Amino acid sequence: MPADIESINSICEAQIMAISTSVLHRTKEATLSLPIQAALITSLSSLMIWTLYFSTYPPVHNALHTTRHSTLAVACH
Amino acid sequence: MGRYKYVALATVATIVSILLWFDPLPSLATQPAVLLQTQPSLSQVIPDGEPVRIALTAVDLRKYPLSNVRFQLQLTTPAKTPWFTSDFPIVEGTTLLELIADAPSGKLEFAQVMPIRGSYVLKARVTPLVAGAFEPFEQSLQLSVPERFVKYRNAAFLIGILMLAGIVSGWIIGGDQAVREGEVASQPIRLVLSFFTMLAIAVLLFVNISAELNSAHSHGEMQPTPSASEQPSQDLELRLSGDQLTSVGQLATQTVQVINKKTGVPKAGVVVKARSIALEDGKQMFAYQGRTDDQGRLSWKEQFFDGSPHRVIVEAEQSIGPVLRASHEVAVEGIEPPLYIRLISLSYYTGAFVLSLLAGIWMHRRFPRTI
């Protein structure tokens, strides 16, 4: 009887490992897919543009006040 | 023959109509008018630059200046343009200046900084100081101010950087992304991610260091200065009153009154010079020289559009004796641009990057071996 229980446990562990490996693999594939990569790069670029040109956080605004007033279609205040 | 005559007549009429369409005859004046002159010329005005000297002359039908004229002026800013915003979106579509001024010679001059590009409207209502001297009339004048060239240059520079980054990124991630044994991501992906991570670090470092430096430099610059008054005259007193707290987009009323110290009677006809100075950079934003009315007053409403504190200074000249001077500070509350306007502009610049990214991916797949 104990031997049967051990074999069932080992089968369950193997299945869990297989499932987790599969999920990890799919996640990695999805993350490294072209659309996700393009979206990540676009988001990062957009966030940097926002921080530099459109953020209303006073230290950032004050640091780039002149630059904002000297760039087309950038609202400062 | 008669038929040809009518054809020739119709042809001549058509040609004359076309010529008049392109080059109409000068229209004869049917009513008095207000003539506008600016210094510098409107095509050379720089938004948020030096003050523009605006001279208005009320003339009669024969183009001679009218005398003893009262001007009621309202200067409004260009209409709102959320799809192509200026740097002062709150100022768009608001009133910049309201001024009532008496002009004995029919000529009025003032100086005003134009905050943004676009078409300003100057509404002038002209009435006689002596009842019945002429019929009051109104006129709207257009003042078109061009955009600053440096804005186009900087925008082109920014778009160029975004396009270059987009094309290079697209080229790299558009290539082979096979993950080798022991690697988390393919080499091109790691390369692009590393580049953008370094760029993000550089941007955040620059922003934070600049913010610290600005903070260090600005300590002690914004000391509030109290109202000041120099009244060395024994006879006259200059009183300056009006809004000392306002916000961008709103008009702030300023009134100066000259009274006789001894009798307390208002003094009419005193020449008063009024100006407002931006305290951040010491730039003169508005200037006007006028005469006090029967109540000894001179009033105007102006908008402090840049959201920084200003000082309003008035000076009265006396025929004998020193110049009287009074001033007070006006605190101006800046208003953040609406979120949707900033998001629209962000979408333009992000759009430039996305299009370049797609172009880079397409180029790598279209010309995989040529580059």
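Please state which of the following conditions B:Tyr348 fails to meet, knowing it meets all the rest: (1) in the same structural domain as B:Gly166 (by TED's automatic domain parsing); (2) farther than 30 Å from A:His69 by Cβ.
Going through the list (1) in the same structural domain as B:Gly166 (by TED's automatic domain parsing); (2) farther than 30 Å from A:His69 by Cβ, B:Tyr348 breaks only (2).
Return the residues of segment B:243-267 that are open to solvent by 50 Å² or more (accessible area, probe 1.4 Å) and either of a type in the set (Gly, Ala, Ser) or assigned to a loop (DSSP other than H, G, I, E, B) (or both); say none if nothing qualifies.
Those that are open to solvent by 50 Å² or more (accessible area, probe 1.4 Å) and either of a type in the set (Gly, Ala, Ser) or assigned to a loop (DSSP other than H, G, I, E, B) (or both): B:Asp243, B:Gln244, B:Gln250, B:Lys261, B:Lys262, B:Thr263, B:Val265, B:Lys267.
Just to check your reading of the model, which residue among B:Phe149, B:Phe134 is at pLDDT 80 or above, closer than 24 Å to B:Gly351 by Cβ and of a type in the set (Phe, Trp, Tyr)?
B:Phe149
Would you please list the contacts, defined by Cβ atoms under 7 Å and residues six or more apart or on different chains, that run from a residue in segment B:121-134 that is on the phi < 0 side of the Ramachandran plot and in the same structural domain as B:Ile100 (by TED's automatic domain parsing) to a residue that is open to solvent by less than 70 Å² (accessible area, probe 1.4 Å) and of a type in the set (Val, Ile, Thr)?
Hits for this filter: B:Val121/B:Thr76; B:Ala124/B:Val34; B:Val126/B:Val34; B:Val126/B:Val69; B:Pro128/B:Val69; B:Leu129/B:Val69.
Answer yes or no: is there a residue in segment B:66-83 that is more than 29 Å from B:Ser247 (Cα to Cα), surrounded by fewer than 18 Cβ atoms within 10 Å (Cβ to Cβ) and out of contact with any strand residue (DSSP E or B) (no Cβ under 9 Å at 6 or more places or on another chain).
Scanning segment B:66-83 turns up no residue that is more than 29 Å from B:Ser247 (Cα to Cα), surrounded by fewer than 18 Cβ atoms within 10 Å (Cβ to Cβ) and out of contact with any strand residue (DSSP E or B) (no Cβ under 9 Å at 6 or more places or on another chain).
So that you can scan it fast, the table gives a plain yes or no per residue for (1) touching a Phe, Trp or Tyr at 6+ places or on another chain (Cβ under 6 Å); (2) assigned to a helix (DSSP H, G or I); (3) at pLDDT 60 or above:
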residue: B:Ala13; (1), (2), (3): no, yes, yes
residue: B:Val16; (1), (2), (3): no, yes, yes
residue: B:Trp21; (1), (2), (3): no, yes, no
residue: B:Pro26; (1), (2), (3): no, no, no
residue: B:Ala29; (1), (2), (3): no, no, no
residue: B:Val34; (1), (2), (3): no, no, yes
residue: B:Gln37; (1), (2), (3): no, no, yes
residue: B:Ser43; (1), (2), (3): no, yes, yes
residue: B:Asp48; (1), (2), (3): no, no, yes
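Which of the residues belonging to segment B:322-371 are open to solvent by 40 Å² or more (accessible area, probe 1.4 Å), free of Cβ contacts under 8 Å to residues at least 24 places away in the same chain and within 14 Å of chain A (Cβ to nearest Cβ)?
The answer is B:Glu336, B:Leu339, B:Leu343, B:Ser347, B:Tyr348.
From the set of residues in segment B:203-241 that are within 11 Å of chain A (Cβ to nearest Cβ) and open to solvent by less than 50 Å² (accessible area, probe 1.4 Å), which is modelled with the lowest pLDDT?
Checked segment B:203-241; the qualifying residue modelled with the lowest pLDDT is B:Ala211.
Mind counting the residues in segment A:21-43 that are facing chain B (nearest Cβ under 7 Å) and either touching a residue at least 60 places away in the same chain (Cβ under 8 Å) or crowded, with 16+ Cβ neighbours inside 10 Å (or both)?
5
Do you know which residues across segment A:51-66 are open to solvent by 60 Å² or more (accessible area, probe 1.4 Å) and at pLDDT 90 or above?
Once the filter is applied, which keeps residues that are open to solvent by 60 Å² or more (accessible area, probe 1.4 Å) and at pLDDT 90 or above, segment A:51-66 yields only A:Thr66.
Taking segment B:268-311 on its own, how many of its residues are open to solvent by 10 Å² or more (accessible area, probe 1.4 Å), under 17 Å from B:Phe110 (Cα atoms) and within 14 Å of chain A (Cβ to nearest Cβ)?
Residues that pass the stated criteria total 1.
How about segment B:308-362: which of its residues are among the hydrophobic types (A, V, I, L, M, F, W, C) and closer than 29 Å to B:Thr253 by Cα?
B:Val312, B:Ile313, B:Val314, B:Ala316, B:Val323, B:Leu324, B:Ala326, B:Val330, B:Ala331, B:Val332, B:Ile335
With the checklist (1) modelled with pLDDT of 95 or more; (2) open to solvent by 40 Å² or more (accessible area, probe 1.4 Å) in hand, flag the one item B:Gln177 doesn't pass.
With respect to (1) modelled with pLDDT of 95 or more; (2) open to solvent by 40 Å² or more (accessible area, probe 1.4 Å), B:Gln177 is out only on (1).
In the set B:Trp362, B:Trp300, which member is more than 27 Å from A:Phe54 (Cα to Cα) and assigned to a helix (DSSP H, G or I)?
Of the residues listed, the single one that is more than 27 Å from A:Phe54 (Cα to Cα) and assigned to a helix (DSSP H, G or I) is B:Trp362.
The values are calculated or read from the model by the stated rules, or taken from the named source; none is laboratory data. Being a predicted model, the structure only gives us computed values, none of them experimental. FYI the Cβ positions are ideal-geometry reconstructions off the backbone, even for glycines, and counts take in every protein chain you see. Just the protein is used for accessible areas: all its heavy atoms, side chains included, with ligands, DNA and RNA removed. Shrake-Rupley method; radii C 1.70, N 1.55, O 1.52, S 1.80 Å.
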